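Participant: Structure below; questions to follow.
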Amino acid sequence: MKAIIRTGDGGPEVLQLAEVPSPTPTATQLLVDVHATALNRADTIQRRGGYPPPPGESDIIGLEIAGTVSAMGDAVESGISEGDRVFGLVGGGGYAEQAVIDYRMAMPIPDGWSFEQAAAVPEVFFTANENIFTLGKLSAGETILIHAGGSGVGSAGVQISRHAGATVFVTAGTQEKINGCKELGATDGINYKTTDFVTEIQRLTDGQGVDVVLDFIGAPYFERNLSILKTKGRLLQVGLIGGSATEINLNTLMRNRLQIIGSVMRPQSIDEKIAITQRFVERWLPALKSGVLQPVIDTVFPLVQAAQAHEYMEANHNFGKILLKVK
């Protein structure tokens, strides 16, 4: 099969199309002919030599797939058949013509959806739901600040937070992205390049701050994020784009009874990922099927242009998901 491999650790230029052996499914796995996959920031970190796949997973980049079942292991249950259209989260191997996925994490693609629509969903909606609701326990009437509102996770987080009855603020780097977030349900947005988000959040909330912050930046935003949290507020740390080393004023943490919650999806066990999948299916898949929520797709590149797709992501041009069309 054809797949995108890394010729070394480095920039997008290390990504090359090559012929590699097809994966062999285990007893509980499906072999899927991949039609579409999607980019995530984790992919760029893996390309540079970080964020390795869990033991036993493919070292080919790619964390989500959409395609058709071509073979299955002996222990596969639940009525799945060859030819079924499925999508889901994988531990690796997405940038390829074939990939394997545990059958308990494979979701039927809704009628009327394209493979590209399906591939745009798993990583971002799973991440947003697990952090904002399972860990952050956002509830109706609360307020949340979502940094990088125009990202894949950001665009999913805006929609599900607003759908749950929360007031949503975002940061983004352009007015166009802020406008896009407002169309998805954000109350207001802050251009982080021209405006201090701490000052602006205090103005927008009449000095009250927010209940939850979802952050991808890390060290440069850490103290500032804590400063805008209400009493019993929750900081959800899901990325470290700006760096990981920082200091903390523990007085702020203790005085306001704040919670700092970190989360990484990829290293979690298969049982945890199955549970994450089920929580998404039960809470959000019906709203996606009905069109109340939408996977936000920015651009679709052919698989052979994976390097260009990485360049595009790292230039922060996208609003929503960047996809790779495999077939």
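Participant: First check a/c for the range 124-262, with a ≥ b ≥ c the square roots of the eigenvalues of its C-alpha gyration tensor; if it is under 1.5, answer rounded, and if not, answer prolate when a/b is larger than b/c or oblate otherwise.
Facilitator: Cα axes put the range 124-262 in the rounded bin.
Participant: Put +1 on the Cβ of every Lys and Arg and -1 on every Asp and Glu Cβ in the chain; which of Leu31, Val158, Leu293 then has its Cα farthest towards the positive end of the dipole?
Facilitator: Towards the positive end, the residue furthest out is Val158.
Participant: Continuing with this model, one more query. Please report, in whole Å, how far the alpha carbons of the chain spread along each principal axis, starting with the longest.
Facilitator: Its Cα atoms span 57, 40, 35 Å along the three principal axes.
Participant: Can you give the net charge of the other residues whose Cβ lies under 15 Å from the Cβ of Asn251, counting K and R as +1 and D and E as -1?
Facilitator: On the way: positive: Arg255, Arg257; negative: Glu223, Glu247.
In short, 0.
Participant: Got a sec? How would Val281, Val168 order by Cβ neighbour count within 10 Å, fewest to most?
Facilitator: On the way: Val281 12, Val168 28.
Least crowded to most crowded, the residues run Val281, Val168.
Participant: Report the local net charge at Asp188: Lys and Arg +1, Asp and Glu -1, summed over other residues whose C-beta lies under 14 Å from its C-beta. Numbers along the way, then the final one.
Facilitator: Values: positive: Arg162, Lys177, Lys182, Arg203; negative: Glu183, Glu200, Asp206.
My count for the surroundings of Asp188 gives +1.
Participant: Over the range 204-323, what number does the Rg to Rh ratio reach, with both radii from the alpha-carbon atoms and Rh per Kirkwood? Spell out each step's value before the answer.
Facilitator: Working: Rg = 18.2 Å, Rh = 17.5 Å.
Here Rg/Rh amounts to 1.04.
Participant: Using Cα pairs closer than 8 Å and at least 6 residues apart in sequence, work out the relative contact order for the chain, in percent.
Facilitator: Details: 724 pairs, mean separation 59.1, N = 327.
Reported relative contact order: 18 percent.
Participant: When Lys and Arg each count +1 and Asp and Glu each count -1, what net charge do the other residues less than 15 Å away from Ser263, Cβ to Cβ, add up to?
Facilitator: +2
Participant: Here's another thing I want to ask about it. If you split all Cα-Cα distances of the range 70-178 into 5 Å bins from zero, what percentages do you get per bin, shortest first?
Facilitator: All Cα pairs considered, the percentages come to 2, 10, 18, 18, 16, 13, 12, 6, 4, 1, 0.
Participant: Counting other Cβ atoms within 10 Å, which trypsin sites (Lys or Arg not before Pro) in the range 194-262 have at most 13 and lie in a DSSP loop? If you can, show how the numbers build up before the last one.
Facilitator: On the way: sites: Arg203, Arg224, Lys230, Lys232, Arg234, Arg255, Arg257; in loops: Arg257.
Answer in residue order: Arg257.
Participant: Rounded to the nearest 500, what is the 222 nm mean residue ellipticity of the chain from helices alone, with -39500 (n - 2.57) per DSSP H run of 4+ residues and division by all residues? Numbers along the way, then the final one.
Facilitator: Working: 11 runs with 91 residues, N = 327.
So the calculated ellipticity at 222 nm is -7500 deg cm²/dmol.
Participant: So how much slack lies between Asn316 and Ile270, counting 0.36 nm per residue of separation and subtracting their Cα-Cα distance, in nm?
Facilitator: Values: separation 46, 0.36 × 46 = 16.56 nm, distance 3.15 nm.
Contour length minus Cα-Cα distance gives 13.4 nm.
Participant: Still on this structure: If one computes P(r) from the Cα atoms of the range 135-177, what percent of pairs lie at distances over 14 Å?
Facilitator: 44
Participant: Hey, what D do you get for the range 179-256 in µm²/s if you plug the Kirkwood alpha-carbon radius into Stokes-Einstein at 37 °C and 0.692 mPa s?
Facilitator: On the way: Rh = 13.4 Å.
Rounded to a whole number, D works out at 245 µm²/s.
Participant: Nearest 10 degrees, 0 to 90: what angle lies between the long axis of helix 270-283 and the longest principal axis of the chain (Cα atoms)?
Facilitator: 70
Participant: Would you mind ranking Tyr192, Tyr103 so that the residue whose beta carbon has the fewest other beta carbons within 10 Å leads the list? Could the numbers behind the result be given before it?
Facilitator: On the way: Tyr192 18, Tyr103 22.
Fewest-to-most Cβ neighbours within 10 Å comes out as Tyr192, Tyr103.
Participant: Within the set Lys232/Lys273; Lys137/Lys232; Lys137/Lys230; Lys177/Lys327; Lys2/Lys327, which residue pairs have Cα atoms separated by over 19 Å? Numbers along the way, then the final one.
Facilitator: Details: Lys232/Lys273 28 Å; Lys137/Lys232 11 Å; Lys137/Lys230 14 Å; Lys177/Lys327 30 Å; Lys2/Lys327 11 Å.
The answer is Lys232/Lys273; Lys177/Lys327.
Since every read-out is calculated from the coordinates, none of them should be taken as a lab result. This one's a predicted model, so the numbers in the text were calculated from it and none came from an experiment. Every residue, glycine among them, receives a Cβ derived from its backbone with ideal geometry; neighbour counts consider all protein chains shown.
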